[in-house]
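Each remark here refers to the structure printed beneath this line.
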Amino acid sequence: MALSGSEMGLRYHNRVAVVTGGTKGIGEAIVRLFVKNGANVIFCSKEENAGDLEKELLESGPGTGTYVSCDVTKEDEIRRLIDVTMKTHGRVDCLINNAGWHPPEQRIDDTHAEEFLDLLKLNLIGYFLTAKYALPHLRKTQGNIINISSLVGIIGQKHAIPYVATKGAVTAMTKAMAVDESQYNVRVNSISPGNIWTPLWDELSSHSANPEAMILGGKDAQLLGRMGTAEECAKAALYLAAEGTFCTGIDLLLTGGAELNYANKNQQETRSSIYH
Ligand SMILES: NC(=O)c1ccc[n+]([C@@H]2O[C@H](COP(=O)([O-])OP(=O)(O)OC[C@H]3O[C@@H](n4cnc5c(N)ncnc54)[C@H](O)[C@@H]3O)[C@@H](O)[C@H]2O)c1
């Protein structure tokens with residue numbers, strides 16, 4: 001007799017997940033882990049061709065991974081992403097809002113309202129619209145949403161006012177959505193990572209005046225003395241999707257203890273800042 005998904009140890013067998021920004025970093029790790037656990041995943045990014053990742057997922061299975069090009073700052077493309085998911089798999093069980101960006105250091109005096117609005121559109125409104133179009137389907141499956149937020153949305157960060165504001169709003173929006181969607185048994189949670197080593201972190205540090213010092217600062221910000229990995233974020237997301245059935249409106253701090261204990265908060269202009 002054929003073994004069932006759970007007998008094979010698959011934690012999200014035959015479930016359908018949509019992952020935005022799934023071609024790199026945290027999003028890619030989530031796509032890989034969900035497919036490994038039997039899910040059928042639709043993942044998107046703005047411009048990259050994800051042919052190699054799609055092929056790899058097809059060979060590795062046991063779930064499937066399908067790439068759809070979608071810029072989450074564009075409402076019509078988001079609508080299409082959800083339409084393609086429904087046409088391909090006929091259901092949605094989990095939406096993971098992850099596509100986002102952290103600009104290089106920004107001081108308020110040099111930051112224009114347009115840049116702030118563009119970041120809001122990507123980091124916040126993109127999450128809102130993807131949820132809006134996925135929710136009618138998530139209500140039918142009693143599914144869940146996972147918003148990738150950031151620790152800095154709670155504790156702040158130097159020279160990153162727009163980014164911090166977008167992430168604080170994501171964490172707050174998650175709770176408001178959890179309240180409204182509970183009547184449909186749809187769970188809505190966020191994960192707030194601290195420093196996670198990804199292509200984004202790599203890019204930000206390589207453009208800084210002193211990449212080595214920035215990376216060291218990034219590691220030292222955690223009690224655990226290292227950055228987190230994208231795979232650790234993926235494990236947290238899979239837990240919330242598959243087993244965290246009594247979690248709604250929570251913000252899971254995935255930070256290696258970065259928010260604990262006093263540290264040197266004296267702001268000297270010479271000290272390099274760190275990215276969360
Ligand atoms: N890396 C960290 O330390 C860290 C910490 C806290 C929160 N986060 C958050 O985690 C998420 C992922 O970060 P990462 O470090 O993996 O970044 P990354 O740059 O490595 O990957 C980002 C992904 O988003 C996609 N993307 C960017 N703009 C897009 C758009 N307009 N439409 C569709 N896709 C788009 C990219 O193509 C890529 O696949 C972001 O929301 C980020 O703010 C990251």
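The values are calculated or read from the model by the stated rules, or taken from the named source; none is laboratory data. From a predicted model like this one, the values you see are computed outputs, not experimental measurements. Counting neighbours? That spans all protein chains shown, and the Cβs are built from the backbone with ideal geometry, glycine included. Areas reflect the complete protein model, heavy atoms only, side chains present, ligands, DNA and RNA absent. Shrake-Rupley method; radii C 1.70, N 1.55, O 1.52, S 1.80 Å.
With loop membership from DSSP and a limit of 10 other Cβ atoms within 10 Å, the longest segment of the chain without GluC sites (Glu not before Pro) is 48-268. Overall, the range 178-276 carries a charge dipole of about 220 debye about its Cα centre when +1 sits on the Cβ of Lys and Arg and -1 on the Cβ of Asp and Glu, all other atoms neutral.
Ordering His207, His112 by accessible surface, largest first, gives His207, His112; the 1.4 Å probe counts only protein heavy atoms, with every chain in place.
The Cys residues in the chain with no partner Cys Cβ within less than 4.7 Å of their Cβ are Cys94, Cys233, Cys247.
Element breakdown for the chain at a 1.4 angstrom probe: carbon and sulfur atoms account for 54% of the accessible area. For the chain, the per residue solvent-accessible surface stands at 49 Å², with DNA, RNA and ligands left out and a 1.4 Å probe. Note on Arg79: accessible area approximately 110 square angstrom, rounded to 10, probe 1.4 Å, nucleic acids and ligands left out.
Derived scalar couplings between HN and Hα for the range 138-144 equal 5, 5, 6, 9, 6, x, 8 Hz in order, rounded to whole Hz, by the Karplus curve 6.51 cos²θ - 1.76 cosθ + 1.60 (θ = phi - 60°), x for Gly and Pro. Residue by residue, the range 231-247 carries 3J(HN,Hα) couplings of 5, 5, 5, 4, 5, 5, 5, 5, 4, 4, 6, 9, 10, x, 6, 10, 9 Hz when phi is fed to the Karplus relation 6.51 cos²θ - 1.76 cosθ + 1.60 (θ = phi - 60°); x denotes Gly or Pro.
Under a 5 Å amide H cut-off, with hydrogens placed 1.01 Å from N, Leu252 pairs with Ser190, Ile191, Ser192 among residues at least 5 apart or on other chains. Label zone (Glu77, point 7 Å along Cα-to-C-beta; backbone nitrogen cut-off 17 Å) within the range 83-125: 83-85, 97-102, 118-125.
Between the amide H of Ile196 and those of Gly228, distances stay under 5 Å, these residues lying 5 or more places away or on another chain, with hydrogens modeled in the peptide plane. Amide hydrogen proximity for Val19: with H placed 1.01 Å from N in the peptide plane, the residues at 5 or more positions away or on another chain lying under 5 Å are Ile42, Phe43, Cys44, Ile96.
For the chain, the longest principal axis of the Cα atoms and the long axis of helix 211-220 meet at an angle of about 70 degrees. For the options Ser206, Ser190, Ser150, a Gaussian network treatment of the chain with springs between C-alpha atoms closer than 10 Å singles out Ser206 as fluctuating the most. Evaluating 6.51 cos²θ - 1.76 cosθ + 1.60 at θ = phi - 60° for every residue in the range 18-34, the Karplus couplings come out as 10, 10, 8, x, x, 9, 8, x, 4, x, 4, 4, 5, 4, 4, 5, 5 Hz, glycine and proline recorded as x.
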